[in-house]
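Scroll down for the structure; my scribbles are underneath it.
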Amino acid sequence: MKILVTGGAGFIGSHVVDAFLAAGHDVAVVDDLSSGRRTNLNPRARFYQVDIRSAELERVFEQERPEIVDHHAAQMDVRKSVADPLFDADVNVRGSLNLLELCRTYSVKKVVYISTGGAVYGEPEYLPCDEAHPINPVCQYGVSKHVVEHYLHVYRHLYGLNYGVLRYPNVYGPRQNPHGEAGVVAIFSGRMLTGQPVTIYGDGEQERDYVYVADCARANVLLAESERVGIYNLGSGQGSTVNLLFSELANIIEYSQAARYAPAKAGETYKIYLDSRRAQAELYWSPTVGLADGLRQTVAYSREHERSA
């Protein structure tokens, strides 16, 4: 199939591009490189440096005529969404609407949309959260990502545009940038590898559902190739504390400094992990890389990257 991946130069999106290519698909990438990296791009994929909010995006659809659009491009920093909610909505809502209008116009068969399981549910009423859990986000990022899920429903109802939504957990692994809007694994490992102090915001007992990036990439392929429509959580079904994550990474890296603690950041859920039984039953997906193995692979990549930088 001809597949267009937005955000395909980013951390997760680039792994998704690799997975689609490995599965034999024809892939094009749209990325404005605001946070993605050229070095992440697979040379077998055609690349367009375009902002999803731009009118230039139509040129990509005219040239590529994709059958599937896999939509990763987003403003994905919770703290930035709290500080600048207008920018967050502009990228995540207006940018996605621009994309959906082009999907409708150019008769795209299916959209695979990347949402967030870590932010749409808010503080959980029960754990693990399944797809029926109430939507009560506690940050603007969670709101902006969830709004697009409603637009997808409308576009299917009005125009027959099929879709699948993947609600991601905390994704980690190679290529995650330890600067800017990175996840905690990349930040901690990046600082530990360079001998810098590590700060934990809050008491460190916050729990997150950490899933290795290759497992999430595989879910994109399964959903794109499936006839299934709807919303799917990805997750391990269990939480790991930030303190545990610090300890595991410190052991792998042989980092001897104690963690520093600072006040918790606004807009971040305290404890969240996801029930992925629907994805297991309908997409035949489950995570295959455990946290300890995934962290070792991530650190090994980071060491090699530091040496080659």
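Rounded to the nearest 20 debye, what is the charge dipole size of the chain about its Cα centre when +1 sits on each Lys and Arg Cβ and -1 on each Asp and Glu Cβ?
440 debye
Hey, got the dipole for region 1-135? About the Cα centre, +1 on K and R Cβ, -1 on D and E Cβ, debye to the nearest 20?
Charge dipole, region 1-135, about its Cα centre: 480 debye, nearest 20.
May I ask for the angle, rounded to the nearest 10°, between helix 242-253 and the longest principal axis of the chain, with both axes built from Cα atoms and the value confined to 0 to 90°?
Helix 242-253 sits roughly 80 degrees off the main axis of the chain.
Report the residues of region 188-226 in range of a label on Tyr284: point 7 Å along Cα→C-beta, backbone N strictly under 19 Å from it.
Hits in region 188-226 for Tyr284 at 19 Å: 215-226.
Which order do the peptides 91-97, 32-38 come out in when sorted by mean C-beta neighbours inside 10 angstrom, highest first?
Highest mean packing first, the order is 91-97, 32-38.
Sort region 63-153 into rounded, prolate or oblate with this rule: let a ≥ b ≥ c be the square roots of the eigenvalues of the Cα gyration tensor; rounded if a/c is under 1.5, and if a/c is not under 1.5, prolate when a/b is larger than b/c, oblate otherwise.
It is oblate, given that a/c is not under 1.5 and a/b is not larger than b/c.
What ratio of Cα Rg to 2.2 N^0.38 Å holds for region 195-252?
Against the empirical 2.2 N^0.38 Å value, I get 1.55 for region 195-252.
For the chain, give me the percentage of DSSP beta bridges that are antiparallel, rounded to the nearest 5 percent.
About 5 percent, rounded to the nearest 5.
In debye to the nearest 20, how big a dipole does region 224-309 give about its Cα centre with +1 on each Lys and Arg Cβ and -1 on each Asp and Glu Cβ?
That gives region 224-309 a dipole magnitude of about 260 debye.
Over region 1-150, what per residue volume does the convex hull of the Cα atoms give, in whole Å³?
Spelled out: Cα convex hull of region 1-150, divided by residues, is 115 Å³.
Translational D (Stokes-Einstein, µm²/s) of region 193-309 at 25 °C and 0.890 mPa s when Rh comes from the Kirkwood sum over C-alpha pairs?
151 µm²/s
Taking the Cα atoms only, what angle lies between the long axis of helix 184-193 and the longest principal axis of the chain, rounded to 10 degrees?
50 degrees
Angle, helix 140-159 long axis vs. longest principal axis of the chain, Cα atoms, 0 to 90°, nearest 10?
20 degrees
Could you work out the helix-only [θ] at 222 nm for the chain, with each DSSP H run of four or more residues adding -39,500 (n - 2.57) and the total divided by the number of residues, to the nearest 500 deg cm²/dmol?
Result for the chain, helices only: -12000 deg cm²/dmol.
In whole Å and largest first, what semi-axes does the C-alpha gyration tensor of the chain yield when each eigenvalue is scaled by 5 and square-rooted?
Here the semi-axes work out to 30, 22, 18 Å.
Among Pro174, Asn251, Ser240, whose Cα projects farthest towards the positive end of the dipole of region 174-261, with charges put on the beta-carbon of Lys, Arg (+1) and Asp, Glu (-1)?
It is Pro174, whose Cα lies furthest towards the positive end.
Only the coordinates and a few stated rules stand behind these numbers; no lab work does. This structure is a prediction, so every number in the text was calculated from the model and none was measured. Heads up, the Cβs are rebuilt from the backbone with ideal geometry, glycines too, and the neighbour counts pull from every protein chain shown.
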